[in-house]
1. Taking a probe of 1.4 Å, how large is the accessible area per residue of the chain, in Å²?
2. May I ask you to give the percent of accessible area on the chain that is carbon plus sulfur, with a probe radius of 1.4 Å?
3. For Rg and Dmax of the Cα atoms in Å, which listed value, [x] 15.1, 48; [y] 16.1, 57; [z] 14.2, 47, comes from the coordinates shown?
4. Could you compute the longest span of the chain free of chymotrypsin sites (Phe, Trp or Tyr not before Pro) located in DSSP loops and having at most 15 other Cβ atoms within 10 Å, not counting the site residues?
5. Semi-axes, largest first, in whole Å: what does sqrt of 5 times each Cα gyration tensor eigenvalue give for segment 62-126?
6. Give me the dipole magnitude in Debye, nearest 20, for the chain about the Cα centre, with unit charges on the beta carbon: positive for Lys and Arg, negative for Asp and Glu.
Amino acid sequence: MTIMDLTRAPFSGFAVDDLPAARAFYAETLGLTVTENDMGMLELHLGTGAIVLIYPRPGHVPAQYTILNFPVADIETAVDALIAKGIVFQQYPDMGTDEKGVFRHGGPLIAWFTDPAGNVLSVLEG
C-alpha cells in the first residue's frame, strides 16, 4: 500500500478576483458549462470530461502566460464570434499578430484574450 494515491483523475485550476464575473464570462460569453462545487468554487466542464477549478483569491494577480487553450476548427470563425460577444483580442506587435490579434507566423494559428480577472486564454486552430 502506498501513502499517496495518484490514480484519481487529475484536474487543473486557476484563481480569479471575482467569482460572479468569472461565472458570467465562462458561462454566458464563452458558452461553457459552469457549476458551483460544495466549497463555493466554480468548475468548468470541458468537452473532454475534464474539469477546471476556478477559485477566488484576494489580491489576485493574473499569470503572464496562457492558462487555457481552446482548440477550434476555424480560427477566423472563432475570433469573429468572440469579437461579436465583446471579446477584445490581445495585440502582440513584437510577435506580429494581425489586426484581429491572430498570430500567423509559424505553428498553429492562435489568438489570445483575457477573462475578467486578466487571465490569458487562447483559441488556436487545430
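1. So the chain comes to 62 Å² accessible per residue, rounded to a whole number.
2. Answer for the chain: carbon and sulfur cover 58 percent of the accessible area.
3. [y]
4. Between the exposed loop sites, the longest stretch runs 66-126.
5. The three semi-axes for segment 62-126 are 16, 14, 12 Å.
6. My answer is approximately 180 debye.
The values are calculated or read from the model by the stated rules, or taken from the named source; none is laboratory data. These figures come from a predicted structure and were not determined experimentally. Neighbour counts run over all protein chains shown; Cβ positions are idealised from the backbone, glycine included. Protein only, heavy atoms only, side chains kept; ligands, DNA and RNA dropped before computing areas. Shrake-Rupley method; radii C 1.70, N 1.55, O 1.52, S 1.80 Å.
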